[in-house]
Amino acid sequence: MEELTEFKKLVVVREDELKLVEVLIQKLTAKEFDLGKFKDAYTEALMEIIKAKIEGKEVEAKERVEVEEARSLMDALKASIEVAEKKKKES
């Protein structure tokens, strides 16, 4: 816990950032957790590669997706909320 106390001394969080984080947490928090709704994309992709290798197929590496760095914490939080809202509407 000492580390957390030290971290709090180093980080300054504005009130609007804190409110945005609270909104994000509310958007991402499900009332009931259903593990069946989630899929492990990494394991699925890995299994596809393993199956292809077993079948003797040649496996090509996929292109890496470049992620743009957030310009600020507020921009990152707003983007996260937009993604959460979009996913909620899709489900």
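Values in this text are rule-based calculations from the coordinates and carry no lab data. Remember, predicted model here, so these are calculated numbers, not experimental data. No Cβ is skipped: glycine too gets one built from the backbone with ideal geometry, and neighbour counts run over all protein chains shown.
Of note:
- Stretch gain in nm, segment Arg14-Val59, where the contour uses 0.36 nm per residue and the Cα spacing is subtracted: 11.4 nm
- Share of Cα-Cα pairs in segment 47-91 lying beyond 14 Å, as whole percent: 70
- Candidates per trypsin sites (Lys or Arg not before Pro) in the chain, loop by DSSP, up to 11 other Cβ within 10 Å: Arg14, Lys31, Lys39, Lys57, Lys62, Arg64, Arg71
- The fraction of Cα-Cα pairs per 10 angstrom bin, counted from 0 for the chain, comes to 12, 25, 29, 23, 9, 2 percent, rounded to whole percents.
- Charge dipole of the chain (Cα centre as origin; +1 on each Lys and Arg Cβ, -1 on each Asp and Glu Cβ, all else neutral): 340 debye, rounded to the nearest 20.
- Going by neighbour counts of Cβ atoms within 10 Å, the residues Leu77, Leu28 line up, fewest first, as Leu28, Leu77.
- The chymotrypsin sites (Phe, Trp or Tyr not before Pro) of the chain meeting both criteria, a DSSP state outside H, G, I, E and B (loop) and at most 14 other C-beta atoms within 10 angstrom of the site's C-beta, are Phe33, Phe38.
- Applying a DSSP loop filter and a limit of 10 other Cβ atoms within 10 Å to the GluC sites (Glu not before Pro) in the chain leaves Glu32, Glu55, Glu58, Glu60, Glu63, Glu66, Glu68, Glu69.
- Dividing the mean sequence gap of close Cα pairs (under 8 Å, 6+ apart) by how many residues the chain holds gives a relative contact order of 49 percent.
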